[in-house]
2 protein chains.
Amino acid sequence: MAVYTEVSDTDLHDFVAQYDIGEVIACKGIAEGVENSNYLLRTTVDSYILTLYEKRVRAEDLPYFLGLMEHLAKAGQACPTPLHGRDGETLRHLCGKPAAIITFLDGMWPKRIQPFHCAGLGAALASFHLAGQSFPMTRANDLSLAGWQPLLDASAARAHEVRPGLAEDLAGELQFLGNNWPDNLPGGVIHADLFPDNVFFMGERLSGMIDFYFACNDAFAYDLAICLNAWCFEDGKNFNITKARQMLHSYRRIRPFSEAELAALPILARGSALRFLLTRLYDWLYHPEGALVRPKDPLEYYARLRFHRQTTGPGAYGLD
Amino acid sequence: MAVYTEVSDTDLHDFVAQYDIGEVIACKGIAEGVENSNYLLRTTVDSYILTLYEKRVRAEDLPYFLGLMEHLAKAGQACPTPLHGRDGETLRHLCGKPAAIITFLDGMWPKRIQPFHCAGLGAALASFHLAGQSFPMTRANDLSLAGWQPLLDASAARAHEVRPGLAEDLAGELQFLGNNWPDNLPGGVIHADLFPDNVFFMGERLSGMIDFYFACNDAFAYDLAICLNAWCFEDGKNFNITKARQMLHSYRRIRPFSEAELAALPILARGSALRFLLTRLYDWLYHPEGALVRPKDPLEYYARLRFHRQTTGPGAYGLD
C-alpha cells in the first residue's frame, strides 16, 4: 500500500504531453505495491499505469527492468510494457524521480489461491523463462546467497524480539546453505518476486504478470522455489502438495527440468524461504514509526523454512 | 490513504453480476480517502468507483448520503451518483459491509491551490446549496457545537502533549462559541468536508465534487467557513485574502449572502477551525499503532483558529 509522491496537476500535464496518449482525464494513486508509487492514469485515449520509482529501486537498474518488460511483451508474453515518448525514451523524470508510463494489464490478482491458479502460474513462469533467454542485458541477484549474511547481520541483535534464538538458528542455516548451495543450474532471467499480487487472472485464465523490479539473472529453479513458498502454503504454514504438483507439472510441460534442478529443489526452497524471512525480519524490526506500509510477519517464512528442512527430495513437492 | 478490505475475485464477480455493467476487467484499491475503502472498478462497459463503507460511517446514514448524490446528479450538479442494481437498490453488501457502485467522476484534485480554484469552488458550492434545497431527507450535523464538548473531553487529558495549555485554551473557546453561536441563519444541505481532495478540476474548470459522507443539514455559511479554512491558508498558517475574496465573490454571484451571514462569518470560521482541530487532535493522540492513515497535524487548525479570533468582520475575508 504505497503512494509516496503527490504529483501536481501541472507537473502531470507536462509529463503526459511528452507522449502521444491524449489528455489526462484522471490520475489516482493505487493502494497496492510497496516499492514504488503507482497511479492509474486515464487519458482521452486509454488507461495506463504511471510509476514513480522511489528510493528502494536503484535508478541504474531501471533500464534492465524496463528493457525486460518491453522484450517480454514483444515476445508475446502477457505483461505490461513501457510507453515510448515522442523522444523515443521510456524513462524520464517526474517530481524529481525516475518515472515511466506502462500499459495497463487487465485482470485481478487472486486473493484465495486455488490449484488452477498454481497450474496457470507454472505454465506462465516456464514461458517467461524461455522468453527471457533472448534478452541481452544481465543483472546479478543481489538478494541471493551473498546478500543474506549482511541482511542477517543487520537484524541479528534484535532477532530474539521476534523469536528467541532466531539469529543463531538462521546463522546455522546460512552456513548450511553456503556449504550446499548448487551452482551451474540452468538459468537466465528470473522474476524473483512472483507473489500472488503480481499475477493477474480473468476468471480462471492467467492474464499476465507484473512488477519486474526484482528481476535478475539466476537459476530458473530458484524462481520456482520462490513460487512454491509464495503460492503453496495455507494459513501461512501448512504446505499444500496439490498446489505444488499443479505448478510444477504445468511448468515442466513447457520447460522440462534437468535432474540437477529436481535434486536442488529442497535446498533452493530453503534458500528462498530464508531470503524472504530475512527481508521481512529487517522490515519488521526497523520499519519507521508511522510508515504507511504494514510490515509482514517474518515468522510465516520461518514456518516454511522448517518445512523445507525436513523434505528429502522433489517427491515432497509432488514430483515423481 | 485507505483500503481496509480485500475483496476476493469471486465475491466481486457475484456483486457486479447484480448490476447491468458488464464483466469485471480490473479492480484496484485507491490510495486516497480515509473513511472508506474505495476501488477503481473497470468493466467491459465503463469505469466506476466501488465503495465499501467501513465502520466510521454509520450504516443508517447511508440512505441519506446515497440519496443526496442521486438527487444532486439529477439536478445537474457535477457529482458521482450511485448505480441501481437489477433489483432497483443502490445499497447492498460486499464482504459483510455496506457497499455501493458509484459513477466515475473525471478530473483531479488540485495539489497546489490557485485563486482560480477558489473561484470555481465558490460557484460550485453555491450551486450545490441551491440544488440541495429540494432534497427531502435531513440529517443533523453531529460535528457542530453540541458535538465539540465530548470531543474535547475525550482529548483534554493528553492535549498538553500537542501544545501546553491547549485543553484550557479550547475549553475557553468552546464557552465563547456556545455563548455567541448564531442560529436562524439560512441553511439546508451542506457538504461539511469540502477539502481540496474532494473537488476535481480538468485544467482550470471545476469538474465536480465527491465524498458526501459528512453531508448534513446546517447553515450554508458554515460550509463556506469550512472552505475558507481548507482552501485559503498557505503553509498551514498564513491567510490568503485573495483566495478568500475569489471564493466568496463567486459564491454570492449565485447565492447572495444575507446580512446575518456576513456578520456571522468570523465566528463560523472559528467554529469550523475548532471542529477540525478537535477531530485531528483526537486522531493524533489516539491513532492506533500501525494505522495505515497518517494523522494530520492538529496545530495547523490552531493557527487558523488564532487568525479568526482577531478578525472583526467579513472585511477580513475580502468582502466589502
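The values are calculated or read from the model by the stated rules, or taken from the named source; none is laboratory data. Every value quoted in this text rests on a predicted model; they were computed, and no experiment measured them. Glycine gets a Cβ as well: all are built from the backbone with ideal geometry, and neighbour counts include every protein chain shown.
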(message) B:Asp87 - would you say it is acidic (Asp, Glu), within 18 Å of A:Ser47 (Cα to Cα) and more than 10 Å from chain A (Cβ to nearest Cβ)?
(response) no
(request) Being within 14 Å of chain B (Cβ to nearest Cβ) and either in contact with a helix residue (DSSP H, G or I) (Cβ under 7 Å, 6 or more places away or on another chain) or surrounded by fewer than 20 Cβ atoms within 10 Å (Cβ to Cβ) (or both) narrows it down to one of A:Asp297, A:Asp320, so name that one. (result) A:Asp297
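Kindly indicate the residue of segment B:228-266 that is of a type in the set (Phe, Trp, Tyr) and more than 21 Å from B:Phe276 (Cα to Cα) and also surrounded by the fewest Cβ atoms within 10 Å (Cβ to Cβ) among those meeting that condition.
B:Phe257
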(request) Output the number of residues of segment A:183-213 satisfying the condition of being under 27 Å from A:Glu54 (Cβ atoms) and either in contact with a Pro (Cβ under 7 Å, 6 or more places away or on another chain) or without any contact (Cβ under 8 Å) to a residue 60 or more places away in the chain (or both). (result) 5
(message) Filter segment A:5-33 down to the residues that are within 12 Å of chain B (Cβ to nearest Cβ) and assigned to a loop (DSSP other than H, G, I, E, B) and list them by number.
(response) A:Thr5, A:Glu6, A:Val7, A:Ser8, A:Glu23, A:Ala31, A:Glu32, A:Gly33
(message) Which numbered condition in (1) in contact (Cβ under 8 Å) with a residue 60 or more places away in the chain; (2) in contact with a helix residue (DSSP H, G or I) (Cβ under 6 Å, 6 or more places away or on another chain); (3) not in a helix (DSSP H, G or I); (4) not small (Gly, Ala, Ser) is the only one that B:Arg158 fails?
(response) (3)
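In this structure, does B:Arg275 turn out to be modelled with pLDDT of 95 or more and in contact with a helix residue (DSSP H, G or I) (Cβ under 6 Å, 6 or more places away or on another chain)?
no
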(message) Just to verify a result, which residue in segment A:34-65, among those that are of a type in the set (Phe, Trp, Tyr) and over 18 Å from the mean Cα position of the chain (by Cα), is nearest to the other protein chains (Cβ to nearest Cβ)?
(response) A:Tyr39
(message) So for segment B:179-191 (the condition being part of a loop (DSSP other than H, G, I, E, B), within 12 Å of the chain's Cα centre (by Cα) and away from every other protein chain (no Cβ under 14 Å)), does at least one residue qualify?
(response) yes
(request) Give just the number: which of (1) surrounded by fewer than 20 Cβ atoms within 10 Å (Cβ to Cβ); (2) within 14 Å of chain A (Cβ to nearest Cβ); (3) closer than 23 Å to B:Pro266 by Cα; (4) of a type outside the set (D, E, K, R) does B:His117 not satisfy? (result) (1)
(message) Considering only segment B:229-252, I want to know if a residue exists there that is part of a strand (DSSP E or B) and polar (S, T, N, Q).
(response) yes
(message) All but one of (1) closer than 21 Å to B:Glu35 by Cβ; (2) at pLDDT 95 or above; (3) touching a strand residue (DSSP E or B) at 6+ places or on another chain (Cβ under 8 Å) hold for B:Phe65; state the number of the condition that does not hold.
(response) (3)
(message) For segment A:240-258, check the following and say yes or no: at least one residue is assigned by TED's automatic domain parsing to the domain that holds A:Gly120 and either closer than 21 Å to A:Arg163 by Cα or among the acidic types (Asp, Glu) (or both).
(response) no
(request) Find the residue count for segment A:68-83, including only residues that are assigned to a helix (DSSP H, G or I) and within 17 Å of A:Asn36 (Cβ to Cβ). (result) 2
(request) Check whether at least one residue in segment A:45-63 is in contact (Cβ under 8 Å) with a residue 40 or more places away in the chain, assigned to a helix (DSSP H, G or I) and out of contact with any Asp or Glu (no Cβ under 9 Å at 6 or more places or on another chain), and report yes or no. (result) yes
(message) Out of B:Asp223, B:Asp235, B:Asp297, B:Asp283, I need the residue that is among the charged types (D, E, K, R), within 23 Å of B:Phe65 (Cα to Cα) and not assigned by TED's automatic domain parsing to the domain that holds B:Ala31. Which one?
(response) B:Asp223
(request) Output the residues belonging to segment B:125-143 that are surrounded by fewer than 18 Cβ atoms within 10 Å (Cβ to Cβ) and either of a type in the set (Gly, Ala, Ser) or free of Cβ contacts under 8 Å to residues at least 24 places away in the same chain (or both). (result) B:Ser134, B:Pro136, B:Ala140
(request) Looking only at segment B:302-309, decide whether some residue is charged (D, E, K, R), within 18 Å of the chain's Cα centre (by Cα) and at pLDDT below 95. (result) no
(message) Restricting to segment A:84-103, name every residue that is surrounded by fewer than 18 Cβ atoms within 10 Å (Cβ to Cβ) and either assigned to a loop (DSSP other than H, G, I, E, B) or in contact with a helix residue (DSSP H, G or I) (Cβ under 6 Å, 6 or more places away or on another chain) (or both).
(response) A:His84, A:Arg86, A:Asp87, A:Gly88, A:Glu89, A:Leu91, A:Cys95, A:Gly96
